[in-house]
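Note sheet for the following structure.
The values are calculated or read from the model by the stated rules, or taken from the named source; none is laboratory data. Every value quoted in this text rests on a predicted model; they were computed, and no experiment measured them. As a convention, Cβ positions derive from the backbone with ideal geometry for all residues, glycine included, and neighbour counts pool all protein chains shown. Remember, those area values only see protein heavy atoms, side chains included, never the ligands or the DNA or RNA. Shrake-Rupley method; radii C 1.70, N 1.55, O 1.52, S 1.80 Å.
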Amino acid sequence: MLKITTIVGARPQFVKASRLSAALKAAGIRENILHTGQHYHDRLSRIFFRELKLKKPTLNLGIGSMAHGQQTAAMLAKLESCLIRNRPDGVLVYGDTNSTLAGALAAAKLQIPMIHIEAGLRSYNRTMPEEINRIVTDQLATLLFAPTRLAVSNLKKEGIRSGVHFSGDVMADSLQHFLPIAMKQSAIQKRFRAIHHKYQLLTLHRPSNADDLSRLKKILWIIEKSGVPTVFPVHPRTQKIISKIRGKRSNVIFFIPPVGYLDMLVLQKNAVRILTDSGGIQKEAYLLKVPCITIRSETEWKETTQHGWNQVVGRNLDNLVRFLSRPAKPGKWLPYYGNGKASTKIAKTIRHFFKI
Ligand code: UD1
């Protein structure tokens, strides 16, 4: 039986893994999940395994938060010994986090074929840790599953042609599968019933916003001034800094702890608009046909900006004021991220590659 070790560690990877894990099982592939421990907070990790019915990790390496180099190195050392012990036929990594990079390096050094899901994404901004992680992972990967045509062409530009497959997006698979479940099960819609379809949803966790006190203050001030009720599930990284700057209670911004995947889908679906610096949420907003404002200098999900569904603020926060005061009217919507069947396609291609 083909043995694949999947390496996950951060919140978006649990979402990405959920449908592919099911597809691997259906294809008769034995999967062993290793959790690096990068996200250890219950609301960033355990709740996702529970809600997404994701197979429990065989091992949690418990690495936790440290400086980037230290964190990646600690993961690499532990992953290497695990892989030597288990000798899987392939190692599978998702996206662009430090867990992705560590998994990719560990596999490449041991010459184990490495599979990268969400290959070819580029922001062309190397100040983002994620951009470095993507570039290195794609260089080392044996099989590269690109979610979009643009991702395939980004890889081509870097001379990466072999092993590249256009698969569609596994997050679209998860959304399609879990949205009806979320709409039935999530209790969060009751909590915000009074502002249903009248609120904007905010998330911020990128170092460029969350680690910059004056920028974060200014973003929150602009949103406060907009007067539009804003639900803000706060990432622990952002919480640390917010606790330093929060003064009196806000009547506009509802600060809440991080929520699980089902609540998040419902909060997104019922929002009038989404403001975010997350990659995955920009894409989910597009899939749910909710207009999005991206509080970053650029986006790697460029398709979302094509017909006004996603507006990118850039460094100058005056643009945020402008976008909020004159909301965009999005136009055409195209299924850039596939038809919800990316996972099945990926599992089949993996089987074919390993000739089983
Ligand atoms: C990481 C990923 C980012 C992804 C995001 C999703 C990298 C470089 N970044 O960013 O690509 O979009 O996850 O959430 O891998 N913390 C906790 N509890 C936790 C996890 C983190 O309190 O369970 C705090 C720690 O203080 C830590 C900080 O958040 O220092 C940042 O955590 P880290 O995992 O380094 O990066 P994220 O910002 O979560």
Matching option when the condition is outside any strand (DSSP E or B), in contact with a helix residue (DSSP H, G or I) (Cβ under 7 Å, 6 or more places away or on another chain) and surrounded by fewer than 19 Cβ atoms within 10 Å (Cβ to Cβ), among 321, 266 = 321
Please go through segment 15-44 and pick out each residue that is among the polar types (S, T, N, Q), under 25 Å from residue 237 (Cα atoms) and open to solvent by 10 Å² or more (accessible area, probe 1.4 Å).
-> 38
Answer yes or no as to whether residue 63 is away from the ligand (no atom under 11 Å from the Cβ), in the same structural domain as residue 144 (by TED's automatic domain parsing) and at pLDDT 95 or above.
-> no
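Restricting the search to segment 86-106, which residues are within 13 Å of the ligand (Cβ to nearest atom) and either open to solvent by less than 10 Å² (accessible area, probe 1.4 Å) or part of a helix (DSSP H, G or I) (or both)? Break it down stepwise before answering.
Taking segment 86-106 first, the residues within 13 Å of the ligand (Cβ to nearest atom) are 93-104.
Within segment 86-106, 93, 94, 95, 98, 99, 100, 101, 102, 103, 104 meet the criteria.
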Looking only at segment 23-46, and only at residues there that are in contact (Cβ under 8 Å) with a residue 60 or more places away in the chain and under 21 Å from residue 186 (Cβ atoms), the one that is farthest from the ligand (Cβ to nearest atom) | 43
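Is at least one residue of segment 273-286 under 20 Å from the mean Cα position of the chain (by Cα) and part of a loop (DSSP other than H, G, I, E, B)?
Looking through segment 273-286, at least one residue is under 20 Å from the mean Cα position of the chain (by Cα) and part of a loop (DSSP other than H, G, I, E, B).
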Residue that is surrounded by the fewest Cβ atoms within 10 Å (Cβ to Cβ), among those in segment 196-248 that are among the basic types (Lys, Arg) and away from the ligand (no atom under 14 Å from the Cβ) | 248
Only listed residue being surrounded by fewer than 20 Cβ atoms within 10 Å (Cβ to Cβ), touching a Phe, Trp or Tyr at 6+ places or on another chain (Cβ under 8 Å), of a type in the set (Phe, Trp, Tyr) and over 13 Å from residue 202 (Cβ atoms), chosen from 309, 333 | 333
Hey, can you tell me all the residues within segment 47-72 that are open to solvent by less than 60 Å² (accessible area, probe 1.4 Å), touching a residue at least 24 places away in the same chain (Cβ under 8 Å) and not aromatic (Phe, Trp, Tyr)?
-> 47, 51, 52, 54, 57, 61, 62, 63, 64, 71, 72
